[in-house]
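Colleague: Quick one: the structure is below, and I'll ask about it shortly.
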Amino acid sequence: MTTTIIIIIAVICVIAAAVASYFIVLKATERSRSSIIKEAEAEAEMIKKEKILQAKERFIQLKSEHDKTVGERNAKISQLENKLKERERALNQRAEENTKRAEENAKRDRDFEKEKERLEAQLEGVKVKKEELDRQFREQVSRLEQISGMSVDEAKGVLIESLKEEAKSDAAAYVSEVMEEAKLTANKEAKKVVVTTIQRVATETAIENSVTVFNIENDEVKGRIIGREGRNIRALEAATGVEIIVDDTPEAIILSGFDPVRREIARLALHQLVTDGRIHPARIEEVVTKVQKQIEEEIAEVGKRTAIDLGIHNLHPELIRLIGKMKYRSSYGQNLLQHSRETANLCGTMAAELGLNPKVARRAGLLHDIGKVPDDQPELPHAIIGMQLAEKYKEKPEIVNAIGAHHDEVEMTSLIAPIVQVCDAISGARPGARREVVESYIKRLKEMEDMAMAYPGVMKTYAIQAGRELRVIVGSEKITDQQAEELSHDIAKKIQDEMTYPGQVKITVIRETRSISYAK
């Protein structure tokens, strides 16, 4: 009994505990559910607020974009409206201009019609006057025919015959005048022909004027002058502008060039090099530079000595230098300094015989060919160049006029001028004194050198082999090998188009690069 009761009581207790646990769990569940609901509601409220805020922000963004789009559209619309207004104004302006033009054209048409009517009226009047004049002309012709007793055709024949006789008379007078002039100039032309013929066969003079022979002790020196692979002779030709001919001639080297100054520089440079024994390109350039300075000093000394010998004082130093350069110039094959000295002495003697100042006459005679020395301004006559130089260096007006007038380039204004002209003719007219071929030959070579020198990048030009070859030295830093080849073609074409020369001319463009260092 007791055990059963205990079991029952135990069961009841278990059941009571289970029921109490159920209610406790149920109550706890309800509490957690209410807290979860509250949290969910709070979270939902927060989410709702965030969504509302996002919606507001999106609304504001869309509104601003819409306002921006509307503003852009309004701006485009305003621009289109402005353009339409401008087009409207332009169309209105064109319409006004067209209206004005139409009015002007209409006015012009009216004026044209009026002018046309006026001209037609004048034309009618002219026609009437012409008919009246024709009628009067016919009446006059008939009256003249009655008075003269000849018809119009007969009068024309008489007039033609009289004109023929007059023309024959004028032609005869002209022929007579031409014959008289031919008789006066026949003697002069005949002398010119004879002198020209003599000059053409005087080949030895031309050779002597363009060639210098340099004597050497033995033929071994020729090899040293030529150098390894010809570098010494090329350097010497490039520095002096003279062609050096080394041939089979025993103990001699020929220096060929049209400029006597260049030949003298080459001769003296060769003499110093052979005497010294050191022959190489650097030494050659050094010696040539030194010899050029010596030649300049010698030119000045020759000018001073010439002026002193002739009793001429107070000459400008530049005129003295030009007088010294006359030693290396020729006039038609005649040495220019010798010719000027001879002319000066003749002028002094003739002026003394005529009772004039012999010193002034000698001064004018010495300076009369000074214009042949400078190389520039080849297009001017040498008398004009000399006159300009004398005027530049403060010579007296009578001397300036005598220099410019000795070939009738300017009018003579003093008695010294005809004396200089006569004495110049006396000095140059003696047999064998001059030779025109050499002068024209030198002028042609000089023109050839100047023509090539005008191209950019060209440093030196030398005409050699009697003008059959032109050597052009260019700067390696200024012209490339391709440009050097083009330059030779351009110079050849220009010479072919602008110059007259016998045979053919070889154009050689030399471009070399040098590297120089010094061992210290």
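Colleague: Among the listed residues I385, I426, which satisfies the condition of being open to solvent by less than 60 Å² (accessible area, probe 1.4 Å) and either without any contact (Cβ under 8 Å) to a residue 60 or more places away in the chain or under 18 Å from H339 (Cβ atoms) (or both)?
Modeller: I385
Colleague: Select from the range 208-234 the residues that are at pLDDT 75 or above and closer than 15 Å to I265 by Cα and list them in ascending order.
Modeller: Result: I233, single match.
Colleague: Let me ask something additional. In this structure, does E486 turn out to be charged (D, E, K, R) and closer than 17 Å to A239 by Cα?
Modeller: no
Colleague: Please note which helices (runs of 4 or more DSSP H) are completely contained in the range 363-472 and include at least 2 residues that are of a type in the set (D, E) and at pLDDT below 85.
Modeller: 436-453
Colleague: Could you please tell me which pairs satisfy a Cβ distance under 6 Å, a separation of 6+ or placement on different chains, a first residue in the range 261-281 that is under 25 Å from I442 (Cβ atoms), and a second residue that is open to solvent by less than 70 Å² (accessible area, probe 1.4 Å) and assigned to a loop (DSSP other than H, G, I, E, B)?
Modeller: So the pair list comes out as R262/G241; R262/V242; R263/V242; R263/G257; A266/V242.
Colleague: Looking at Q496 and the list (1) open to solvent by 60 Å² or more (accessible area, probe 1.4 Å); (2) touching a residue at least 12 places away in the same chain (Cβ under 8 Å), which single condition is not satisfied?
Modeller: Just one mismatch for Q496, condition (2).
Colleague: Which residue, of I5, I52, is loosely packed, with under 10 Cβ neighbours inside 10 Å, in a helix (DSSP H, G or I) and of a type in the set (A, V, I, L, M)?
Modeller: I5 is the lone residue from the list that is loosely packed, with under 10 Cβ neighbours inside 10 Å, in a helix (DSSP H, G or I) and of a type in the set (A, V, I, L, M).
Colleague: Looking at (1) open to solvent by 40 Å² or more (accessible area, probe 1.4 Å); (2) in contact with a helix residue (DSSP H, G or I) (Cβ under 7 Å, 6 or more places away or on another chain), which is the only condition V400 fails?
Modeller: (1)
Colleague: Give the number of residues within the range 280-318 that are open to solvent by 30 Å² or more (accessible area, probe 1.4 Å) and closer than 25 Å to A239 by Cα.
Modeller: Number satisfying all stated conditions: 16.
Colleague: In the range 105-124, which residues are open to solvent by less than 100 Å² (accessible area, probe 1.4 Å) and of a type in the set (D, E)?
Modeller: Across the range 105-124, the qualifying residues are D109, D111, E113, E115, E120.
Colleague: Which condition does K494 not pass, out of (1) over 24 Å from G257 (Cα atoms); (2) assigned to a helix (DSSP H, G or I); (3) not β-branched (V, I, T), if it passes all the others?
Modeller: Of everything listed in (1) over 24 Å from G257 (Cα atoms); (2) assigned to a helix (DSSP H, G or I); (3) not β-branched (V, I, T), K494 misses just condition (1).
Colleague: Please pick out the residue among V302, V288 that is part of a helix (DSSP H, G or I) and in contact with a Lys or Arg (Cβ under 7 Å, 6 or more places away or on another chain).
Modeller: Answer to the selection: V302.
Colleague: Take the conditions of a type in the set (V, I, T) and over 30 Å from Q334 (Cα atoms) and apply them to I254. Does it pass?
Modeller: No: the conditions fail for I254.
Colleague: For the range 255-279, give me the residue count where each residue is open to solvent by 40 Å² or more (accessible area, probe 1.4 Å) and part of a loop (DSSP other than H, G, I, E, B).
Modeller: Selection size over the range 255-279: 1.
Colleague: Name the residues in the range 310-347 that are acidic (D, E) and either under 21 Å from A417 (Cα atoms) or part of a loop (DSSP other than H, G, I, E, B) (or both), would you?
Modeller: Once the filter is applied, which keeps residues that are acidic (D, E) and either under 21 Å from A417 (Cα atoms) or part of a loop (DSSP other than H, G, I, E, B) (or both), the range 310-347 yields only E342.
Colleague: Restricting the search to the range 459-473, which residues are under 11 Å from M448 (Cβ atoms) and loosely packed, with under 15 Cβ neighbours inside 10 Å?
Modeller: Answer for the range 459-473, where residues must be under 11 Å from M448 (Cβ atoms) and loosely packed, with under 15 Cβ neighbours inside 10 Å: just R468.
Colleague: Also, I was wondering about something else. What is the one condition in (1) open to solvent by less than 70 Å² (accessible area, probe 1.4 Å); (2) at pLDDT 85 or above; (3) of a type in the set (S, T, N, Q) that S476 does not satisfy?
Modeller: Of (1) open to solvent by less than 70 Å² (accessible area, probe 1.4 Å); (2) at pLDDT 85 or above; (3) of a type in the set (S, T, N, Q), only one is false for S476: (2).
The values are calculated or read from the model by the stated rules, or taken from the named source; none is laboratory data. Predicted, not measured: the structure shown is a model, and the values here were computed from it. Counting neighbours? That spans all protein chains shown, and the Cβs are built from the backbone with ideal geometry, glycine included. Note: accessible area is taken over every heavy atom of the protein model, side chains too, but ligands, DNA and RNA are not part of it. Shrake-Rupley method; radii C 1.70, N 1.55, O 1.52, S 1.80 Å.
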